[in-house]
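Peer 1: Could you have a look at this structure, given as structure tokens, before my questions?
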Amino acid sequence: MYGDLGLKLVQHAKRTQSLPKLPPYQSDIVRSVTREVRDLDRDVTEILEPFNGHFDPAEEPATACSLLVRHLCMRRNKRCLLAYHRARAEMIEGMCWSGSDLPEQAQASQNNMAEEGAGIALAEGSGVSSLSPEEEEYARQYEDLLAAYKGQWTDIDLTGSLEPPRDLFIDVRVLKDAGEIQTEYGAITLTKNSQFFVRQGDVERLIAQGFLQKLN
Amino acid sequence: MYIPRPLLSSAYAHLKAHAHSTNPSILLLCALDTDSLCAARILTHLLKQDYVPHKIHPVAGYRELENINKTLIKGNEELRFVICLGLGGLVDIAAFLDLGGGGAEEEEEGRRGRVECWLVDVRRPWNLYNVFGDEGGKAGVGGVKCFDDGDIEEELEGEGVAHTLLSYPSSKALASSPPPAHSHSPPSSPSQKLPLPPPERPPPSAKLLRRKLRRLRAKHESTVTSYYMQGTWYGEPISGLLYSLASDLGREDNDLLWLAIVGISSGEIIGRGIASGPPRKAGGLGWVGTTREDQIRGVLRDEVRRLNSPEAPHPGSSSNASSSSSNSLQTTARSPSDTAIRLSPEYRFMLIRHWSLYDSMLHSSFLGTKLHIWSESGRKRLHKLLAKMGFSLSQCKQSYTHMDMDLKRSLRERLEKYAPLYGLEGVVREGFVRCWGFRGCLSAADVAYVIGGLLEMGRKGSNSTSDSTTTPIASSAGKAPEAPVDPDPADETRKEEARESENWIANFWSAYDALEDIEALKSALPTAMDLTRAILRTGTALIEKRQIRRLRAFRLAVVKEGPDVSTFTHPSALSKLALWLGEAILEQEKEHRKKRHLPLVVASLNERRGVYVVVGTALGTRVDDEDAELERRSGRNKFGMAFQEVAHSTNARIRIDSFEATVVEVRKEDLAGFLEGLSLKSVVG
């Protein structure tokens with residue numbers, strides 16, 4: 001049926017909104033939807049061909065109706081595509097703001113793909129390279145924009161958390177070995193399976209990156 | 001050096017003054033047991049209130065301690081304090097950890113200071129090097145400091161003098177003595193810091209003087225040796241010690257008190273009877289009891305009364321309720337915000353509030369061993385007891401909260417009436433209960449059981465995930481025998497060890513979280529029940545099948561089959577089993593009127609790594625006959641030394657890694673040789 005695939009895409013978009021991570025780009029469905037639109041367009045041209053540009057809907061209501069249905073289907077598909085991409089783009093922007101290193105991940109997976117061929121990269125990096133090439137480009141450029149914007153005010157971290165800290169010090173537990181990190185007042189060695197009571201400001205970045213888990 | 005009890009608060013002030021205010025300069029090393037866990041919680045509470053950044057690192061064994069030394073302590077410029085909770089008391093800690101700081105910058109020492117190490121440990125005997133060594137660091141930061149619960153102050157005077165004279169050349173002629181033979185270090189450890197061999201001093205002219213000195217030296221040596229030769233025993237639980245630090249600082253509150261109570265109750269569960277002596281003479285305790293254990297309980301009781309206002313009689317409504325609750329166990333809070341700790345009668349069956357009366361009685365080690373629950377007649381005896389009390393079995397098998405109100409009310413009275421018929425005196429005693437609003441009510445002993453269960457078995461959910469992660473490994477291990485060219489078996493076992501300690505540490509954190517999270521505690525209740533079920537099942541099987549062999553110097557039980565083998569790969573789970581078995585045997589022997597009881601050795605197979613975990617327990621801690629002094633000595637466990645000696649004398653492949661001296665790991669093939677060696681040791685008997 002016309003529009004089935006579009007619906008699927010919208011459902012994906014809806015689900016994406018509640019996921020913590022961006023799921024892989026549904027290039028198959030997107031391609032099928034565009035193909036459907038193209039098919040519909042061809043149908044319309046074929047139907048209109050015999051009339052040589054002098055089509056009067058009042059004379060042939062049946063043809064007019066089928067044209068209308070096809071047109072509406074095309075428009076709906078377009079809206080579905082737009083909605084899907086918009087949802088993803090918003091999510092990417094959100095990730096840029098929250099500072100998760102999404103372009104780097106995407107780049108890494110791209111390098112993988114270049115080195116080892118698409119098949120292997122798909123197998124091992126399916127979780128990582130969830131962006132389409134266009135989206136990657138978008139993310140990169142958005143990052144650049146953001147960086148330029150932030151660069152105007154060096155003394156404020158615009159991407160920092162908006163919630164005021166409740167405590168100066170917090171408890172964090174180390175999930176991954178992060179090695180030694182430099183803070184304002186010296187170095188901290190973060191080893192797995194230990195718990196720290198440290199200044200929140202020192203470790204905020206690491207919490208965002210998933211090295212540390214904040215307790216309570 | 002050591003910090004006597006009254007000076008704990010000034011030691012804390014010293015810590016606060018010298019710790020870095022923004023960077024974690026304090027490293028808390030915490031052993032994997034409930035008491036240390038509670039102690040760590042208490043200490044971190046204090047540090048947090050002062051905004052002192054710190055770091056907690058759980059440590060499973062000596063090997064890991066070395067790793068930590070390498071990665072975190074050696075050359076760590078920021079580090080000022082290492083606080084060992086529940087570990088390190090038996091060894092010369094200065095030999096283990098690089099406390100000197102960066103290394104070659106001796107000249108910088110004045111500026112930067114050294115790392116100071118606090119030892120807070122229940123295990124005795126103290127390594128005298130920790131207690132009496134290194135007096136130099138008094139003024140600044142540095143050196144090893146032991147928290148003294150009173151043992152050192154009251155009992156170690158003679159040993160202290162002897163040790164100082166022997167190892168420090170202040171009195172020159174005595175300096176030439178070797179240290180006592182039983183330095184309690186695991187063989188795998190870096191060589192103990194021994195004093196240098198006797199520097200041949202030109203003899204003082206008079207021969208007589210020399211002989212006198214030699215005699216003096218022999219005397220001191222024997223003092224020190226006899227201190228070490230007593231075996232191992234336990235002092236006051238460290239959570240209690242840290243609680244007294246908190247109360248010295250005036251910062252005690254219900255949370256800390258609860259932690260201390262849980263820590264102390266846990267000691268009773270795993271058989272760490274406080275066997276270190278008669279009640280303290282003096283000090284801040286000010287409570288006179290007949291034993292030290294009573295004394296500690298008395299102090300806790302006073303603290304509970306002090307911090308929790310007595311029941312404010314609500315007009316009208318509660319007069320009825322409170323009178324009934326004084327008889328039956330409290331299972332619900334009085335009000336949604338009720339988080340008080342209360343004194344309440346406590347039966348010596350665990351988890352009764354969350355189990356059925358029958359199960360709870362059946363699985364209790366106190367009741368089970370006295371009633372000979374492992375045999376059919378024992379179970380009948382339990383049924384008969386219940387019948388005499390007028391409790392129908394169908395009622396007893398319901399969960400306790402749903403039992404008849406009348407029965408619940410009369411439980412204590414009837415139990416006290418009929419228990420003596422079965423030799424169950426003291427089945428009811430004073431305990432502590434805490435409520436968390438309407439979310440739940442747990443007694444201290446129950447919490448200790450649950451935390452112990454979490455430490456040993458892990459959270460249910462995480463267990464299954466860890467199983468799923470380990471299954472590929474297990475299957476690969478299953479494949480390995482087909483292709484015996486295993487790349488490197490040593491490597492494989494090391495990996496297995498790492499995985500095991502990884503698991504233990506994950507368990508540590510879930511226990512750490514559960515300690516202050518009632519929901520997590522409640523969800524872990526089944527774990528504790530599983531553990532007690534496993535103990536009963538395995539213990540029954542061992543006794544029924546007569547698998548406890550009697551050797552010349554000790555009894556031996558080996559767990560190598562059955563559904564619960566994997567449970568008992570954890571040393572403290574195995575210790576609990578050993579305790580259960582020990583009590584059972586003791587009861588049996590009492591019936592046969594035996595005076596002398598052989599100690600018990602329990603070994604359990606860890607199939608994954610191909611080793612046996614061996615635990616030695618001394619029986620007869622609770623026999624109350626003859627001289628008190630004698631009994632006290634007999635409560636001390638001599639297996640620690642025996643294990644060391646066997647490790648030296650046979651060439652069995654043995655690893656002493658646990659902080660518990662009485663736990664040892666022996667390679668599967670070498671168990672027979674090890675036991676043979678052990679049976680030759682007269683120390684054990």
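Peer 1: For the range B:232-248, take each phi angle, set θ = phi - 60°, evaluate the Karplus expression 6.51 cos²θ - 1.76 cosθ + 1.60, and give the result in whole Hz per residue in order, putting x for glycine and proline.
Peer 2: Once rounded to whole Hz, the list reads 10, 8, 10, x, 6, x, 6, 5, x, 5, 6, 5, 5, 4, 4, 6, 4.
Peer 1: What list do you get for B:Lys55, B:Lys16 if you sort them by fewest beta carbons within 10 Å?
Peer 2: Arranged by neighbour count, lowest to highest, B:Lys55, B:Lys16 become B:Lys16, B:Lys55.
Peer 1: Right, another one. Out of A:Gln141, A:Gln182, A:Gln200, any idea which swings most in a Gaussian network model of chain A, alpha carbons joined below 10 Å?
Peer 2: A:Gln182
Peer 1: Report, in listed order, any pair from A:Lys176/B:Lys495; B:Lys590/B:Lys681; A:Lys8/A:Lys150; A:Lys21/B:Lys55 with a Cα-Cα distance greater than 27 Å.
Peer 2: Distance filter (> 27 Å) returns A:Lys8/A:Lys150; A:Lys21/B:Lys55.
Peer 1: Any chance you could give the angle, 0 to 90 degrees and rounded to 10, that helix A:4-18 forms with the longest Cα principal axis of chain A?
Peer 2: So the helix axis and the longest Cα principal axis differ by about 20 degrees.
Peer 1: May I ask you to list the trypsin sites (Lys or Arg not before Pro) in the range B:496-548 that are in a DSSP loop and have at most 10 other Cβ atoms within 10 Å of their Cβ?
Peer 2: The qualifying sites are B:Lys545, B:Arg546.
Peer 1: Taking chain A as a Gaussian network, Cα atoms linked when under 10 Å apart, which of A:Glu135, A:Glu36, A:Glu204 shows the biggest mean-square fluctuation?
Peer 2: Answer for the Gaussian network model of chain A: A:Glu204.
Peer 1: Provide the three semi-axes, in whole Å and in decreasing order, of the ellipsoid equivalent to the range A:169-214 as defined by the square roots of 5 times the Cα gyration tensor eigenvalues.
Peer 2: In descending order, the three semi-axes are 14, 12, 10 Å.
Peer 1: Separate question: Counting only residues 5 or more places away or on other chains, whose amide H sits under 5 Å from the amide H of B:Arg555 once H atoms are built in the peptide plane?
Peer 2: B:Leu600, B:Val601
Peer 1: Contact order normalised by length for the range B:1-100, with contacts defined as Cα pairs under 8 Å and 6 or more residues apart; what percent is it?
Peer 2: 37 percent
Peer 1: Oh, and also: So what are the ³J(HN,Hα) numbers for the range B:544-558, from phi and the Karplus equation (6.51, -1.76, 1.60; θ = phi - 60°), rounded to whole Hz, Gly and Pro as x?
Peer 2: Going residue by residue, I get 4, 7, 6, 9, 8, 8, 9, 9, 5, 9, 7, 9, 9, 10, 10 Hz, with x marking Gly and Pro.
Peer 1: Against the longest principal axis of chain A, how steep is helix A:61-98, in degrees 0 to 90 to the nearest 10, with axes from Cα atoms?
Peer 2: Once rounded, the angle reads 10 degrees.
Peer 1: Taking the Cα centre as origin and putting +1 on Lys and Arg beta-carbons and -1 on Asp and Glu beta-carbons, what dipole magnitude results for the range A:4-96, to the nearest 20 debye?
Peer 2: 800 debye
Peer 1: Right, next: Which shape class, rounded, prolate or oblate, goes with the range B:634-681 when its Cα gyration tensor gives a ≥ b ≥ c as root eigenvalues, a/c under 1.5 marks rounded, and past that a/b bigger than b/c marks prolate?
Peer 2: oblate
Peer 1: Would you work out the charge dipole size for the range A:169-214 about its Cα centre, treating the Cβ of every Lys and Arg as +1 and the Cβ of every Asp and Glu as -1, and quote it to the nearest 20 debye?
Peer 2: With Lys and Arg at +1 and Asp and Glu at -1, about 180 debye.
Peer 1: Taking each residue in A:192-204, count the Cβ atoms of any other chain within 10 Å of its Cβ, then average. What number comes out?
Peer 2: Rounded to a whole number, the mean comes out at 5.
Peer 1: Taking the Cα atoms only, what angle lies between the long axis of helix A:27-48 and the longest principal axis of chain A, rounded to 10 degrees?
Peer 2: So the helix axis and the longest Cα principal axis differ by about 20 degrees.
We did not get these values from a lab; they are worked out from the coordinates using the rules stated. What you are looking at is a predicted structure, and each value in this text was computed from that prediction instead of being measured. Cβ atoms come from the backbone with ideal geometry, glycine included; neighbour counts cover every protein chain shown.
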